[in-house]
Amino acid sequence: MVGEEAKSLPIELNEKGGMENNGFVQNEAFDEKETNSSSQEEMPKTCIVGMNPAAVEEPVLEPYAGMPKEVLLKFSSQARYRVTREILFWLIIASSVLLVCATIAIIALSPKCLDWWQASPVYQIYPRSFKDSNMDGNGDLKGIQQKLDHIMYLNIKTIWITSFYKSPLKDLGYGAEDFYDIDPMFGSMSDLENLLAAIHDRGLKVIMDLIPNHTSDKHRWFQLSRNRTGKYTDYYIWHDCVQADGSIAPPNNWVSVYGNSSWQFDNVRKQCYFHQFGKEQPDLNFHNPAVQQEIHDIIKFWLGKGVDGFSFSAVKFLLEATHLRNEPQVNKSQNPEDITAYSQLYHDYTTTQVGLHDILRSFRHTMDQFSSEPGRYRFMTSYADDKEDTEATMMYYGTSFARETDFPFNFYLINLKNLSGNSVFEAVNLWMKNMPEGKWPNWAVGNPNSARVSSRIGKEYVNVINMLLLTLPGTPITYYGEEIGMVTFPEKSPMQWDGKLNAGFTEGNSSWLGVNPDYQSVNVEIQKTWLNSSLNLYRELTSLRNNELPIHRGWMCYIWNDSNVFVYVRELDGLDRVFMMVLNFGQESTIDLKAIVPNLPSEAFIRLSTNFSNAGKAVNTKIIKTEMGEGLVLEYKTEKPVHTMEAFQENCFVAEKACYSSAFNLLYVNC
């Protein structure tokens, strides 16, 4: 009976003699044969006792946490997992390719970033007059370091320090006695190294002067040359000038910049040497390759010290014609013996000679050797006032295949004789329409050799001139003290820091030049506290320039100019925000800008004004009123910028063209 019941019970026995556990449990009992899904025959064989084989279901296996690799592989081959995995794989590949393509496209379409010499205004310092640190009455390098916070306060990141080489200080230090040393008046080489470190620690850059045309007559080279010592014999321009009767007669009629003959007899060498400037500043002979190499070595020395750029001064005088012919007289009827002034001759043989630009390009090549490090581009400008010879000035930019200076110094606003809206327009337009395509402009209203703005044209125009300077396209260059409207002459008078004795320039008893008597009301300290001061306006303007793309690198279009006002706009493709400058350089004026620019909105807002109380006000563009010396920066929105209007096509300029995409918040070039 028992045997019969046993036969009828549905008991499943495995060949190992035990009951099979249908639960999927991980333990040692499973060997490779039990988990190998590739062969069903290797699974434990079972026999069915008293059951219908069709009624027996295959065990359902489910994945679980911590499963071994062998079990995982069993499920990974199933279609639902394999397809999902392949989809994810190809999505990752496609996303990576898309990201790489997008990166390449952004790089290809992005405009060139403005370099440091383009992105910031430049602050020019005459070191003897900036700040005295040791109470001797002369400004020095330590004094500049003490006042670096002032540069930062102005939102400026580039400093230009004029000549501080060891010098007898004839012509105020522009004839070097030693190009490799610091004049003790300004400090030591250690002081300069500390200054450079402090400048770079603040993220600033520094430019220094180099005057390669001449040296001091105290220079070692000149002393060796006058004694005909070795290679130095021809380092300068010598010529016989002793007549048979023993009298001295210059080789020709060439006249120095300061007047009278440019030839000076030397009792040691018994010849005359040539000097374009003072007789204590003999000209170097740049026809001599050894002289050129000396200048290259000087450039390398200072760049190695960490200087970020050079201003090469007096470069148009580097070469003279070797034939020594007389230069043509301006007044042909004048007695040749009466010619003593520089203005009485055409200087066809002593300026801008053939080969000059080859020399400057070689300087550029040497500087480029130090520009390979990211963020350490070495800047180069030339400082040669060619007056009305615009073509000669523009040649210093170089060509598309032979780079020279990054820009030649722009004297056009400095040389303004009669201030008016028309004269300012003409000065700006003269540079912009003659500048080679793709080059970068620059603007200055003061320098160490020109009277200050307030002295030349009146203190009532200081603020509007600064507004012009900081809203034109290109690099603005500010001579120290212009930010507070110093009304001083001579132009090298000490910086006015506060209302204390000697204007805070020195704690000594006196300064090398007298301080202007107005220093108690015109100084940095007090203007920081005045809302409507020249200093605070200057800061607002530099902030506007640094932060607003249209002013930073956009189009400039002339709108209007007359005897009183000069009006122009700054725009950027893709950006509907426009800035319009209305600058008064004459008398009170009212103009209807809506009539001049038909698509102009009927209302604009004053973003900045020379009168701070007007900022934020709305103005009717049909009636824009300005007082004498007043300047307005208007802001408005439009879908039709001026540079796209056919009527203004000839009045618009752009240097580093860029377009703005509001969708991606980035700039691109293919507009």
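The values are calculated or read from the model by the stated rules, or taken from the named source; none is laboratory data. This structure is a prediction, so every number in the text was calculated from the model and none was measured. Here the Cβ positions follow ideal geometry from the backbone for every residue, glycine too, while neighbour counts run over all protein chains shown. Just so you know, the surface numbers come from the protein's heavy atoms only, side chains and all, with ligands and any DNA or RNA stripped out. Shrake-Rupley method; radii C 1.70, N 1.55, O 1.52, S 1.80 Å.
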Of (1) modelled with pLDDT under 90; (2) within 30 Å of Pro374 (Cα to Cα), Asp115 fails just (1)
Within region 122-138, does at least one residue satisfy the condition of being modelled with pLDDT under 95, among the hydroxyl-bearing types (Ser, Thr, Tyr) and closer than 27 Å to His552 by Cα? no
When restricted to Tyr153, Tyr123, the only residue open to solvent by 40 Å² or more (accessible area, probe 1.4 Å), aromatic (Phe, Trp, Tyr) and under 19 Å from the mean Cα position of the chain (by Cα) is Tyr153
Per the filter on region 635-650, residues open to solvent by less than 40 Å² (accessible area, probe 1.4 Å) and assigned to a helix (DSSP H, G or I) are Val642, His643, Phe648
Can you confirm whether region 132-142 contains a residue that is over 21 Å from the mean Cα position of the chain (by Cα), among the acidic types (Asp, Glu) and open to solvent by 10 Å² or more (accessible area, probe 1.4 Å)?
yes
Pairing a residue in region 295-310 that is over 17 Å from Ser362 (Cβ atoms) with any residue that is at pLDDT 95 or above and in a helix (DSSP H, G or I), where Cβ atoms lie under 6 Å and the two sit 6 or more apart in sequence or on different chains, gives Gly306/Leu196
Scanning region 352-362 for residues that are in a loop (DSSP other than H, G, I, E, B) and either crowded, with 16+ Cβ neighbours inside 10 Å or touching a helix residue (DSSP H, G or I) at 6+ places or on another chain (Cβ under 7 Å) (or both) gives Thr352, Gln353
Only one of Val424, Val464, Val428 is more than 20 Å from Thr542 (Cα to Cα) and crowded, with 22+ Cβ neighbours inside 10 Å, namely Val424
Output for Cβ contacts, cut-off 6 Å, separation at least six or different chains, first residue touching a residue at least 40 places away in the same chain (Cβ under 8 Å) and surrounded by fewer than 17 Cβ atoms within 10 Å (Cβ to Cβ) in region 384-396, second outside any helix (DSSP H, G or I) and among the β-branched types (Val, Ile, Thr), reads Ala392/Thr352
Exactly one of Phe605, Phe653 is under 21 Å from Trp560 (Cα atoms), free of Cβ contacts under 8 Å to residues at least 40 places away in the same chain and surrounded by 13 or more Cβ atoms within 10 Å (Cβ to Cβ), and that residue is Phe605
Subset of region 517-563, residues assigned to a loop (DSSP other than H, G, I, E, B) and either more than 15 Å from Leu632 (Cα to Cα) or acidic (Asp, Glu) (or both), comes to Ser521, Val522, Asn523, Thr529, Trp530, Leu531, Ser533, Glu548, Gly554, Asp562, Ser563
Condition set among the hydrophobic types (A, V, I, L, M, F, W, C) and open to solvent by 10 Å² or more (accessible area, probe 1.4 Å), scope region 608-634, selection farthest from Met645 (Cα to Cα): answer is Phe612
Whether any residue in region 412-421 is among the aliphatic types (A, V, I, L, M), under 22 Å from Thr162 (Cα atoms) and touching a Pro at 6+ places or on another chain (Cβ under 6 Å) is what I want to check.
no
If we ask which residues in region 476-506 are assigned to a loop (DSSP other than H, G, I, E, B), closer than 19 Å to Leu148 by Cβ and either of a type outside the set (A, V, I, L, M) or open to solvent by 10 Å² or more (accessible area, probe 1.4 Å) (or both), their number turns out to be 8
With respect to Ala451, is the statement that it is small (Gly, Ala, Ser) and assigned to a helix (DSSP H, G or I) true? no
Among (1) open to solvent by less than 50 Å² (accessible area, probe 1.4 Å); (2) basic (Lys, Arg); (3) over 30 Å from Ile156 (Cα atoms), Lys205 falls short only on (3)
Return yes when His365 is within 22 Å of the chain's Cα centre (by Cα), open to solvent by 20 Å² or more (accessible area, probe 1.4 Å) and modelled with pLDDT of 95 or more and no when it is not.
-> yes
Residue hits (region 216-231; surrounded by fewer than 18 Cβ atoms within 10 Å (Cβ to Cβ), assigned to a loop (DSSP other than H, G, I, E, B) and not charged (D, E, K, R)) are Asn227, Thr229
Pairing a residue in region 223-234 that is under 14 Å from Leu284 (Cβ atoms) with any residue that is of a type in the set (S, T, N, Q) and outside any helix (DSSP H, G or I), where Cβ atoms lie under 6 Å and the two sit 6 or more apart in sequence or on different chains, gives Asp234/Asn285; Asp234/Asn288
Suppose the filter is under 23 Å from Asn449 (Cβ atoms), among the hydroxyl-bearing types (Ser, Thr, Tyr) and open to solvent by 20 Å² or more (accessible area, probe 1.4 Å); does Tyr174 pass it?
yes
Exactly one of Trp254, Trp238, Trp221 is in contact with an Asp or Glu (Cβ under 7 Å, 6 or more places away or on another chain) and either among the hydrophobic types (A, V, I, L, M, F, W, C) or at negative phi (or both), and that residue is Trp254
*Examine region 159-166 for a residue that is basic (Lys, Arg) and either within 30 Å of His296 (Cβ to Cβ) or touching a helix residue (DSSP H, G or I) at 6+ places or on another chain (Cβ under 6 Å) (or both), and state whether such a residue exists.*
yes
Here the residues within region 608-646 that are touching a Cys at 6+ places or on another chain (Cβ under 8 Å) and either of a type in the set (A, V, I, L, M) or free of Cβ contacts under 8 Å to residues at least 24 places away in the same chain (or both) are Val642
Open item on the list: Is it the case, given these coordinates, that Asp234 is surrounded by fewer than 16 Cβ atoms within 10 Å (Cβ to Cβ) and within 41 Å of the chain's Cα centre (by Cα)?
Closed with: yes
The residue that is surrounded by the most Cβ atoms within 10 Å (Cβ to Cβ), considering only those in region 512-530 that are closer than 12 Å to Met495 by Cα and of a type in the set (A, V, I, L, M), is Val522
message = Tell me yes or no: at least one residue of region 402-419 is out of contact with any strand residue (DSSP E or B) (no Cβ under 7 Å at 6 or more places or on another chain), of a type outside the set (A, V, I, L, M), in contact (Cβ under 8 Å) with a residue 24 or more places away in the chain and at positive phi.
response = no
Handout entry: Flag if Tyr180 is under 28 Å from Phe317 (Cβ atoms), touching a residue at least 12 places away in the same chain (Cβ under 8 Å), open to solvent by 30 Å² or more (accessible area, probe 1.4 Å) and aromatic (Phe, Trp, Tyr)
Key = yes
Among the residues of region 339-351, is there at least one that is open to solvent by 60 Å² or more (accessible area, probe 1.4 Å) and without any contact (Cβ under 8 Å) to a residue 12 or more places away in the chain?
no
